[in-house]
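Since every read-out is calculated from the coordinates, none of them should be taken as a lab result. These numbers come from a predicted model, not from an experiment. Positions of Cβ are backbone-derived with ideal geometry, glycine not excepted, and every protein chain shown enters the neighbour counts.
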């Protein structure tokens, strides 16, 4: 397993290295020692899976407000996604910046998303399954999000959304959402 630092401080791309033989492969996807040596979260309270039926399905951009912020490790179990994270940590040198990563069942990459990031993805094919390791329990009152099509972020989603939840269409713009989130945490 290789942990590769991204341009967004605290976010890591996890490149797994399958060991193949005539039966197939064995692939280590998580190691508390390796994550811990980098100061990364090693305890996860929830493991969730989402399924997106249609190519172009867009989920996000989601986060939980402090003090309920989450660390996530996201991987694509079936199909392919364009995974997007936005740094919403007001004191961060990468505040307001976003990054996108293609995660597929074939490349077996994972994305380590630290606390203080909004997260979303778009399915690039039909029938996509995504796995999430989540460091804290979900708190419905802390659930928040950013508009996926906020002009200030200008995220160039690869496909015009074919399916998106009403709540994801209704999230506030980046500036408004961050102000609300910080007021709620106070």
Legend entry - residue 105-residue 138 FRET efficiency (beta carbon distance; Förster radius 25 Å; 0.05 resolution): 0.45
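Taking the Cβ of each residue in 16, 57, 136 as the centre, tally the other Cβ atoms inside 10 Å and list the residues starting with the fewest. List each step's numbers first, then the result.
Working: 16 16, 57 22, 136 19.
Least to most surrounded, the residues fall as 16, 136, 57.
Just check segment 24-76 against the gyration tensor rule for me: Cα atoms, a ≥ b ≥ c as the square roots of the eigenvalues, rounded for a/c under 1.5, and otherwise prolate or oblate depending on whether a/b exceeds b/c.
Numbers: a/c = 2.78, a/b = 1.18, b/c = 2.37.
It is oblate, given that a/c is not under 1.5 and a/b is not larger than b/c.
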Legend entry - Rounded Å value of the spacing that divides the Cα centres of segment 106-129 and segment 5-70: 8
Inset, instruction - Mind pulling the angle between the C-alpha long axis of helix 174-185 and the longest principal axis of the chain? Nearest 10 degrees, somewhere in 0 to 90. - result: 90
Legend entry - Label point distance in nm, residue 50-residue 162, each placed 7 Å from Cα along Cα→Cβ: 1.7
Inset, instruction - Mind sorting 75, 48 by how few other Cβ atoms lie within 10 Å of their own Cβ, fewest first? - result: 48, 75
Inset, instruction - Can you bin the chain into rounded, prolate or oblate? Criterion: square roots of the alpha carbon gyration tensor eigenvalues sorted a ≥ b ≥ c, rounded for a/c under 1.5, prolate for a/b above b/c, oblate for the rest. - result: oblate
